[in-house]
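The block underneath contains the structure these notes are about, expressed in structure tokens.
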Amino acid sequence: MPDVNETINGLLGELRRGTIVIGVLSQLTEPQYGYSLVPVLEEKGVAVDPGTLYPLLRRLEKQELLESKWDTNEARPRKYYVLSPFGKEVYEGLCREWRKLIVSMEALTAEAKGGD
């Protein structure tokens, strides 16, 4: 028989992967370098591994949701990311859709519980 906790953890991982984009975009209204996002997101309850974050940042930049700029003034050069104007529009649209999903899921789960 499958382990309930193992199954829940696996499914939670899938849910998190689907929401990490919104979480990352939400933190890029001001320029941030990649690694600085890790503790900021974690502090807000969204754990993200740097090995997941960097490919995501590159993908979002390629999709023109982010703009980036290298800062070479420090001893260690850092690439800073910020939402592009297009990225802001997409982020706002994703937030609207996210709120609709929350309402739908609340209704579905309340219905499944018998209206509790």
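Just so you know, all these numbers are worked out from the coordinates, no wet-lab data involved. Note that this is a predicted model, so its numbers are computed, not measured. We place every Cβ from the backbone using ideal geometry, glycine too, and count neighbours over all the protein chains shown.
Which one, (i) 1.07; (ii) 0.97; (iii) 1.02, gives Rg/Rh (Cα atoms, Kirkwood Rh) as derived from the coordinates shown?
(i)
For region 4-112, what does the relative contact order come out to in percent, with C-alpha contacts under 8 Å and a separation of six or more?
Computed over region 4-112, the figure is 25 percent.
If you fit an axis through the alpha-carbon atoms of helix 85-112 and take the longest principal axis of the Cα set of the chain, what angle between them do you get, 0 to 90°, nearest 10?
Taking Cα atoms only, the helix is inclined about 20 degrees.
So between Glu106 and Gln27, what do we pick up on full extension, going 0.36 nm a residue minus the alpha carbon distance?
Length gained, Glu106 through Gln27: 25.9 nm.
With n ≥ 4 as the cut-off for DSSP H runs, can you work out [θ] at 222 nm for the chain, using -39500 (n - 2.57) per run divided by the number of residues, rounded to the nearest 500?
That comes out to -21500 deg cm²/dmol.
Under unit Cβ charges (Lys, Arg +1; Asp, Glu -1), what dipole magnitude, rounded to 20 debye, does the chain have relative to its Cα centre?
360 debye
What FRET efficiency comes out for the pair Glu89/Arg16, r = Cβ-Cβ distance, R0 = 25 Å, nearest 0.05?
The computed FRET efficiency comes out at 0.55.
Straight distance only, please: which aspartates and glutamates reach the Cα of Lys79 with their own Cα at less than 18 Å, same-chain residues fewer than 8 apart left out?
Excluding near neighbours in sequence, the set is Glu30, Asp49, Glu61, Glu64, Glu67, Asp71.
For the ranges 29-42, 101-114, what's the packing order if you count other beta-carbon atoms within 10 Å of each residue, average per peptide, and put the highest first? Intermediate values should be presented prior to the final figure.
Numbers: 29-42: 14.6, 101-114: 9.6.
Going from most to least packed, we get 29-42, 101-114.
Report, to the nearest 10°, how far helix 4-26 tilts away from the longest principal axis of the Cα atoms in the chain, using its own Cα long axis and a range of 0 to 90°.
Approximately 40 degrees, to the nearest 10.
For the chain, take the longest principal axis of its alpha carbons; what is the angle in degrees between that and the long axis of helix 34-43, to the nearest 10 within 0 to 90?
30 degrees
Could you order peptides 85-93, 14-22 by the average number of other Cβ atoms within 10 Å of their residues, highest first?
85-93, 14-22
Using the charge dipole of region 4-112 (Lys, Arg: +1 at Cβ; Asp, Glu: -1 at Cβ; taken about the Cα centre), state which of Ile20, Ile8, Met105 has its Cα farthest towards the positive end.
Ile20
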